[in-house]
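The values are calculated or read from the model by the stated rules, or taken from the named source; none is laboratory data. Fair warning: this is a prediction, and the values are worked out from it, not measured in the lab. All Cβ positions, glycine included, derive from the backbone under ideal geometry; neighbour counts span all protein chains shown. Protein only, heavy atoms only, side chains kept; ligands, DNA and RNA dropped before computing areas. Shrake-Rupley method; radii C 1.70, N 1.55, O 1.52, S 1.80 Å.
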Amino acid sequence: METREKIVIIGGGFAGLQLAKALNKKRKKVIVIDKVNHHMFQPLFYQVACGRIEPSNISFPFRKIFQRSRNIQFRMVEVQKILPEQNKIITEDAEFTYDKLVIATGCKTNFFGNSKMQGLTYGMKNTQEAIAIRNNILLTFEKLIIEKRRSDDGNWNIVIVGSGPTGVELAGAFAEMKKDILPRDYPNMNFNDLQIILISSTEKPLNVMSKEAQEKSELYLKELGVHFMSGEFVTDYDGDQVTMKSGKTIKSNNVIWAAGVTGNVIEGLNPEIIVRNRYKTDRFNRVQGYKNIFAIGDIAYMETPKYPEAHPQVANVAINQGTNLASNLLKNSENNWEEYEYKDQGSMATIGKHRAVVDLPQFKFQGFLAWYFWMFLHLMLILSVRNKLAIFFNWMWSYINRDSSLRLIIIPNRKNNTEQ
């Protein structure tokens, strides 16, 4: 009886899921391991945070995805250590052996070593964090209407640190929420004092995009009433006040950290091949120094002539690396393997209704058309037809009515084990 090669994939993000789907129904035994039981469509987390779509619409259970697969298994555990000499990984509950190991653990929010900031601000790299932001913002206004607190004590300010796509999209969405939704929900409150503040270490938002996109996005933010603070570095936050390197301070009880990401590195591999918290790989995504261990997506650091400092940590790179590695692993000989070469397919961001910027390899455009392009592309990338329809309905309802019915405050109950 032929023994099938056993491939273990750690992580079910864009890279890991794409690899697993490409290996589905092939003569490989595949185990997907993740600490949560679902794939998350991260580009729309900000819409969960703003109450525009439900978390379930952008979350896809792995067991449902691979329900009809005969060669792919899923295990919900967190990997603690890799033992490369034994071809084994250690988790909190079990051990797994492998013939080939693929690390696709992605990234987490980078707080740059500031543990206090990490404990007091909100990141947005998973579904739980997006829900936490929604809960906190809505709870703020529920408390304000009862306590009638002053507008200068920080409760009114929503501060977003970081002006990449995540920060810009959040700022635009909260600005529209301030204008169209909150006055309806809280008719006795004056929201003129509510400030949406976007703090940027660069002079313009969307620093990695074209000059046209940067200038247009800054204009859109201004039109929406977002206070854009350029060239500022946040150095401290105590839960009530944000402090910047320039000495400026902002009162706020609602601070969202979108100022960077760092790789989810697992203990066990040679630390010398870890660059900026990413595993250094060759052009086949093989981790340097290891014959049967690979890294793909945000966690991979691959130097190429076009990208001497590695590829950008974006979904397109992750998906394409997963596809390329699957193609190589299915070939009979490594002599036929193809090197990975990233083809930049462009970037985009949306800053509220009818306001978006799109940079494609051949041309750039902004405004109404870019907004529809952004909506169409993200809708097409959602996995299931049911979820596509649900999101489309929510978007159309919001478009026509300038409202959303998804502003639910859902906080898990904590069990009290104290004897009464």
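With 5 Å bins beginning at zero, the pair-distance distribution over Cα atoms of the range 188-248 amounts to 4, 16, 21, 21, 17, 13, 6, 2, 0 %.
Helix-only arithmetic for the chain: the sum of -39500 (n - 2.57) across DSSP H runs with n ≥ 4, divided by the residue total, places the mean residue ellipticity at 222 nm at -8500 deg cm²/dmol. Build a GNM of the chain with springs between Cα atoms under 10 Å: which of 114, 277, 253 gets the top mean-square fluctuation? Fluctuation is largest for 114.
Relative to the longest principal axis of the Cα atoms of the chain, the long axis of helix 14-23 lies at roughly 40 degrees. Label zone of residue 63 (point 7 Å out along Cα→Cβ, amide N under 20 Å): in the range 114-128 this covers 127-128.
When you work out D = kT/(6 pi eta Rh) for the range 304-387 at 37 °C and 0.692 mPa s, using the Kirkwood radius from C-alpha pairs as Rh and the Stokes-Einstein form, the result is 215 µm²/s.
Work out the P(r) tail for the range 67-170: percent of alpha carbon pairs separated by more than 21 Å, whole number. Tail fraction, whole percent: 60. When the chain is treated as a Gaussian network with alpha carbon springs shorter than 10 Å, the biggest mean-square fluctuation among 389, 377, 325 belongs to 377.
Take the Cβ atoms of residue 215 and residue 185, set R0 to 45 Å, and the FRET efficiency comes out at 0.85. Spin-label model, residue 83 to residue 277: label points 7 Å out along the Cα-to-beta-carbon direction sit 2.8 nm apart.
Compared with the dominant Cα axis of the chain, that is its longest principal axis, helix 315-329 is turned about 10°.
Please list, or write none, the lysines whose alpha carbon is within less than 18 Å of the alpha carbon of residue 364, excluding same-chain residues fewer than 8 places away. Straight-distance partners of residue 364: 204, 211, 216, 343. Within the accessible area of the chain, the carbon and sulfur atoms contribute 49%, probe 1.4 Å, all protein chains present. A value for volume of the Cα convex hull per residue in Å³ was derived from the coordinates, and within the list (1) 179; (2) 300; (3) 145 it appears as (1).
Here the 3J(HN,Hα) profile of the range 195-211, calculated from phi with Karplus coefficients 6.51, -1.76 and 1.60 at θ = phi - 60°, is 10, 9, 10, 10, 9, 10, 7, 9, 6, 10, x, 6, 4, 8, 9, 5, 4 Hz, Gly and Pro shown as x. Legend: residue pairs 26/331; 81/108; 35/280, Cα-Cα distance threshold 22 Å; pairs beyond threshold, 35/280.
With the simple model of a label 7 Å out from the Cα in the direction of the Cβ, residue 265 to residue 379 spans 4.3 nm.
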